Amino acid sequence: MREKIEKILKIWHKHYANEENQYSEFEPSDIEYFVGCLLYNHFAFSKAVPTMKTIDLSYDFLSTCGDVEYEEVKSVVEEIKFETELEAVDFLLEYIEEARRLYTPVELYLLDRLLKHVTLLKERYMNDVEAQSVDFQRLRFH
């Protein structure tokens, strides 16, 4: 799986190395975040909160990531499969943790947000709990 992730990251880091492909608010850590979102959406976690079954990808990223590159990345993501959803959650958490080590705290906003969400998702799997809603004031799932 590591090779597949490295291939995906290489595709988009190469694409965005050209400043003409970058959008106005682009940060290199956006790439790892959006790959994490693609993985999250691909795994289609059954214990995800109903309103968070998928994570929206930003228009800025989608409109600049390259059509050819997107299709190539999408095909690689579709090859990533696990026996259980818990294995997929663990894989995604490991991916996020590795990605976080590449950046400074200032650059981690999106990755930290994804980490929090996936960590709470893992808790639901570990405790066999179905989430019904999100308490945005406390950032907890009920």
Separation of the Glu78 and Thr54 label points, Cα + 7 Å toward Cβ, nm: 1.4
Probe 1.4 Å, all protein chains present, accessible-area order of Tyr95, Tyr125, largest first: Tyr125, Tyr95
Separation in nanometres of the label points that stand 7 Å from Cα toward Cβ, at Glu87 and Glu6: 2.1
J(HN,Hα) series, the range 73-79, from Karplus relation 6.51 cos²θ - 1.76 cosθ + 1.60, nearest Hz, glycine and proline x: 4, 4, 5, 5, 4, 5, 7
For the range 42-84, convex hull volume per residue from C-alpha positions, Å³: 63
Alpha-carbon radius of gyration plus Dmax, which is the widest Cα pair, for the range 1-81 in Å: 12.9, 40
Cα-based Lys pair tally, the chain, threshold under 19 Å, eight or more apart or on separate chains: 15
Residue-normalised accessible area of the chain, given per residue in Å² at a 1.4 Å probe: 59
Between the range 1-63 and the range 66-103, the Cα center-to-center distance that results, in Å: 9
Burial order of peptide ranges 35-43, 68-76 (average beta-carbon count within 10 Å, highest first): 35-43, 68-76
Rounded to 10°, Cα long-axis angle of helix 109-127 versus longest principal axis of the chain: 30
Convex hull of the chain built on C-alpha atoms - directionally averaged projected area, nm²: 8.8
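Calculate how large, on average over all directions, the projected area of the Cα convex hull of the range 61-112 is; give the answer in nm² to one decimal.
Result: 4.7 nm².
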Rounded to 10°, Cα long-axis angle of helix 29-43 versus longest principal axis of the chain: 50
Efficiency of FRET between Ser24 and Ser46 - r from beta-carbon atoms, R0 41 angstrom, step 0.05: 0.65
3J(HN,Hα) from dihedral phi, the range 92-99, Karplus parametrisation 6.51/-1.76/1.60, rounded to Hz, x for glycine, proline: 5, 4, 4, 4, 4, 4, 5, 5
Segment Val129-Glu98, length gained on full extension (0.36 nm per residue, minus Cα span): 8.4 nm
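The values are calculated or read from the model by the stated rules, or taken from the named source; none is laboratory data. On a predicted model such as this, the values are computed, not experimentally measured, just so you know. Every residue, glycine among them, receives a Cβ derived from its backbone with ideal geometry; neighbour counts consider all protein chains shown. We work out accessible area using only protein heavy atoms, side chains counted, and drop any ligands, DNA or RNA first. Shrake-Rupley method; radii C 1.70, N 1.55, O 1.52, S 1.80 Å.
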